[in-house]
Amino acid sequence: MKTVKYTLSILLFGILISCGGGGDDDNPDPVIITPPDAATLVFPENNTECLEGTNISDTESSVTFLWNPSDHTDSYIVNLRNLDTNTSQTLNASTNELEITLLRGTPYSWTVTSKANDTDDTAESDLWKFYNAGPAVENYAPFPADVEFPTMGASINAGNTTLSWTGSDVDNDIISYDIYIDESNPPTTLLGNTSSNGIAFDAVSGKVYYWKVVTNDTAGNTSTSEIFQFKVN
């Protein structure tokens with residue numbers, strides 16, 4: 001009897017070990033997926049005139065966009081915006097360069113989105129602006145200003161605040177900014193003209209405002225930013 005009990009104990013111990021081993025197979029270690037890194041833009045360079053394209057016609061040229069490859073990335077999306085018309089297009093790329101046909105004498109902004117096949121995560125590069133060279137252009141208009149505060153859809157506290165923005169120009173000859181703000185869209189009331197990158201404004205509680213920045217250079221060229229909206233608490 002002792003021998004039978006001893007044998008049964010060994011069998012039961014073996015079954016328990018076997019069941020435990022099967023449980024490990026049902027719970028494998030989780031797979032760690034690394035999201036893509038952001039690409040670093042190379043060309044066309046930021047705040048410059050792009051002179052290296054191939055002219056297709058009097059109105060168009062072909063430019064090869066270039067960026068450094070980013071880690072953990074399988075493909076890219078080039079996000080291109082015509083700053084004259086505020087129209088955008090997205091173009092897919094499998095490598096770190098892409099040839100694109102552009103309008104000559106036209107300002108553009110661009111970013112690159114990095115994508116990986118095994119994750120929905122993406123990474124966005126910095127935003128760069130440039131002028132695609134045009135025939136016989138002696139002085140370029142400034143780039144449209146980038147609003148810093150308040151941004152689109154922001155909520156701010158009532159009282160005195162400072163509207164702020166940044167401007168850039170290939171020729172580095174920005175002379176002043178005209179700031180327009182209203183409770184209706186588009187804004188037509190001139191808040192003021194300034195050579196700085198900020199202007200004081202008394203925000204009234206419960207109001208919704210629309211504002212824009214017109215940039216002026218010494219050659220008489222101008223550019224107009226997008227219209228931004230914010231509300232006051």
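The values are calculated or read from the model by the stated rules, or taken from the named source; none is laboratory data. All values reported here derive from a predicted model rather than from experimental measurement. A quick note on method: Cβ atoms are made from the backbone with ideal geometry, for glycine too, and the neighbour counts reach across all protein chains shown. Just so you know, the surface numbers come from the protein's heavy atoms only, side chains and all, with ligands and any DNA or RNA stripped out. Shrake-Rupley method; radii C 1.70, N 1.55, O 1.52, S 1.80 Å.
So which of N139, N216 is at pLDDT below 95, surrounded by 13 or more Cβ atoms within 10 Å (Cβ to Cβ) and over 24 Å from the mean Cα position of the chain (by Cα)?
Sole residue among the options that is at pLDDT below 95, surrounded by 13 or more Cβ atoms within 10 Å (Cβ to Cβ) and over 24 Å from the mean Cα position of the chain (by Cα): N139.
Conditions first: (1) modelled with pLDDT under 85; (2) not in a loop (DSSP other than H, G, I, E, B); (3) not polar (S, T, N, Q). V78 passes all but one, so which condition is the exception?
It is condition (1) that V78 fails.
Test S94 against the stated conditions and say whether it is out of contact with any Gly (no Cβ under 7 Å at 6 or more places or on another chain) and open to solvent by 10 Å² or more (accessible area, probe 1.4 Å).
Here the answer is yes, as S94 does meet what is asked.
When E99 is evaluated against the numbered criteria (1) in contact (Cβ under 8 Å) with a residue 40 or more places away in the chain; (2) assigned to a strand (DSSP E or B), which criterion, by number, is the only one it fails?
The single condition E99 does not satisfy is (1).
Mind counting the residues in region 147-186 that are within 30 Å of C50 (Cα to Cα) and either small (G, A, S) or not assigned by the TED database to the domain that holds V208 (or both)?
4
Quick check: anything in region 195-213 free of Cβ contacts under 8 Å to residues at least 24 places away in the same chain and either not basic (K, R) or not in a strand (DSSP E or B) (or both)? Steps first, answer last, please.
Going through region 195-213, the residues free of Cβ contacts under 8 Å to residues at least 24 places away in the same chain turn out to be 195-196.
In the following step, the residues that additionally are either not basic (K, R) or not in a strand (DSSP E or B) (or both) were identified as 195-196.
Checking region 195-213: at least one residue is free of Cβ contacts under 8 Å to residues at least 24 places away in the same chain and either not basic (K, R) or not in a strand (DSSP E or B) (or both).
Which members of region 46-75 meet the condition of being touching a residue at least 24 places away in the same chain (Cβ under 8 Å), under 22 Å from A136 (Cβ atoms), assigned to a loop (DSSP other than H, G, I, E, B) and acidic (D, E)?
D58 - this is the single residue of region 46-75 that is touching a residue at least 24 places away in the same chain (Cβ under 8 Å), under 22 Å from A136 (Cβ atoms), assigned to a loop (DSSP other than H, G, I, E, B) and acidic (D, E).
Tell me, yes or no, whether region 152-161 has at least one residue that is buried (at least 19 other Cβ atoms within 10 Å of the Cβ) and of a type outside the set (V, I, T).
No, region 152-161 contains no residue that is buried (at least 19 other Cβ atoms within 10 Å of the Cβ) and of a type outside the set (V, I, T).
What about I100, is it within 27 Å of the chain's Cα centre (by Cα), at pLDDT 75 or above and surrounded by fewer than 13 Cβ atoms within 10 Å (Cβ to Cβ)?
Judged against the criteria, I100 is not a match.
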